[in-house]
1. Report, in listed order, any pair from LYS58/LYS81; LYS58/LYS101; LYS50/LYS70; LYS81/LYS101; LYS26/LYS58 with a Cα-Cα distance greater than 20 Å.
2. All other residues with a Cβ under 15 Å from the Cβ of LYS101 taken together, and with Lys, Arg as +1 and Asp, Glu as -1, what is their net charge?
3. Quick check: the distance between the Cα centres of segment 31-71 and segment 80-95, to the nearest angstrom?
4. At 7 Å along Cα-to-Cβ for each site, give me the label-to-label distance between ILE97 and ALA74 in nm.
5. If you place +1 on the Cβ of every Lys and Arg and -1 on the Cβ of every Asp and Glu, how big does the dipole about the Cα centre of segment 46-90 come out, in debye to the nearest 20?
6. How many Å² of accessible area per residue for segment 23-99, probe 1.4 Å?
7. Taking N as the number of residues in segment 23-99, what is its Cα Rg relative to 2.2 N^0.38 Å?
8. Under a crude label model (7 Å from the Cα following the beta-carbon direction), how far is THR39 from ALA22 in nanometres?
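The values are calculated or read from the model by the stated rules, or taken from the named source; none is laboratory data. In this text the structure is predicted, and so the values were computed from the model without any measurement. Here the Cβ positions follow ideal geometry from the backbone for every residue, glycine too, while neighbour counts run over all protein chains shown. The protein model used for the area step is the full one, side chains on, heavy atoms only, and it has no ligands, DNA or RNA in it. Shrake-Rupley method; radii C 1.70, N 1.55, O 1.52, S 1.80 Å.
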Amino acid sequence: MKRMLSGVTVIMMAALASPAHAADGKTVYGAACALCHTTGAMNAPKTGDKAVWAARIKKGMDVLYENSIKGINAMPAKGGKAQFSDAEIKAAVDYMITQSK
Ligand code: HEC
């Protein structure tokens, strides 16, 4: 019985770790954010542009998460991709910031 239970746990953990369950930051970024943030379209702060991001990073990650999820000015809520969860959008923000500082 104990053996069976641990087998089930392993399967559950594998399911949680699978990419189909929650997209990672880089994947979400490519699908929802790159359109504007890689090119700088619509004056979006360009990923990798440290000078532009420094001022925004100072606002604090909570503000950046919130603005990414709810939108700010020309930046649409969740980049216009409502199918992504809040956690997935946060992971995309983390990815962008890591590339930009
Ligand atoms: C349609 C174009 C567009 C898409 C798609 C887009 N953004 Fe933006 N984003 C913008 C623009 C424009 C701004 C600048 C908004 C401003 O400060 O006026 C911005 C600003 C931001 C900021 C800075 C917010 C702040 O408070 O300074 C973050 C973080 C951000 N975007 C994250 C994301 C993430 C994550 C995605 C993908 C899920 C995404 N964006 C998709 C256009 C876009």
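1. With Cα atoms farther than 20 Å apart: LYS58/LYS81; LYS50/LYS70; LYS81/LYS101; LYS26/LYS58.
2. Working: positive: LYS46, LYS50, ARG56, LYS58, LYS59; negative: ASP49, ASP94.
So the surrounding residues net to +3.
3. Segment 31-71 and segment 80-95 have Cα centres spaced 12 Å from each other.
4. About 2.4 nm, to one decimal.
5. Numbers: 9 positive and 5 negative charges, 34 e Å.
Dipole magnitude for segment 46-90 comes out near 160 debye.
6. Heavy-atom SASA per residue in segment 23-99 reads 58 Å².
7. Working: Rg = 11.0 Å, N = 77, 2.2 N^0.38 = 11.5 Å.
Compactness ratio reported: 0.96.
8. Distance between label points: 3.1 nm.
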